[in-house]
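The values are calculated or read from the model by the stated rules, or taken from the named source; none is laboratory data. Not measured: the values here are computed from a predicted model. So basically every Cβ, Gly included, is an ideal-geometry build from the backbone, and we count neighbours across all protein chains shown. All accessible areas refer to the heavy atoms of the entire protein, side chains included, with ligands and DNA or RNA removed. Shrake-Rupley method; radii C 1.70, N 1.55, O 1.52, S 1.80 Å.
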Amino acid sequence: MVYRTEILVRSYELDSYNHVNNAVYQNYLEHARMDFLNQIGFRYKDFYDAGYFLFITHVDIFYKSPAVLNDRLTVETSVKNIKLVRGSFHQTIKREDGTVCVEADVDWACITKEGRPSKIPDEFMLDALKPDSVG
């Protein structure tokens, strides 16, 4: 399933070319991942309080088209895969006209407060964290 987060481009996010700065897209992706967790009912504070963290381990990001001031962007987030202690999201940032600005695959790992890899505890493993079984 694809989850959507809306973002309006702000002036302070622009570079000297009046495009969204490349680094800002990472913020958009992070914001959308947290929004995704909220949308599916994942209680990140409870997860954290239980001694677990989700760490980003790798990001493949492809910049395809610039976004500019006041563009209304949609960040689409879906689960690409999940394994024992890690998984990955696929995220796409689009303008209102459907033009793709960014595509990214974001890998993460579940880690305990001691820094050891861990599977996500069963009480936090929601169905929405599992990739779609159909196409």
### Summary
S78 vs (1) of a type in the set (S, T, N, Q); (2) open to solvent by 40 Å² or more (accessible area, probe 1.4 Å); (3) closer than 18 Å to A128 by Cα; (4) touching a residue at least 60 places away in the same chain (Cβ under 8 Å): all pass except (2)
### Summary
Subset of the range 16-28, residues in a loop (DSSP other than H, G, I, E, B) and either touching a Ser or Thr at 6+ places or on another chain (Cβ under 9 Å) or under 19 Å from V75 (Cβ atoms) (or both), comes to H19, N21
### Among the candidates Y52, Y44, Y48, residue that is open to solvent by 30 Å² or more (accessible area, probe 1.4 Å), over 26 Å from T99 (Cβ atoms) and in contact with a Leu (Cβ under 7 Å, 6 or more places away or on another chain)
Y44
### Task
Please work out if A50 is more than 22 Å from N27 (Cβ to Cβ), in contact (Cβ under 8 Å) with a residue 60 or more places away in the chain and touching an Asp or Glu at 6+ places or on another chain (Cβ under 9 Å).
yes
### Query
Which ones in the range 81-102 are among the hydrophobic types (A, V, I, L, M, F, W, C), more than 13 Å from A128 (Cα to Cα) and open to solvent by 10 Å² or more (accessible area, probe 1.4 Å)?
L84, V85, V100
### Summary
How many residues of the range 25-38 are in contact (Cβ under 8 Å) with a residue 40 or more places away in the chain and surrounded by fewer than 16 Cβ atoms within 10 Å (Cβ to Cβ)? The answer is 1
### Task
Give just the number: which of (1) at pLDDT 95 or above; (2) farther than 19 Å from M1 by Cα does L84 not satisfy?
(1)
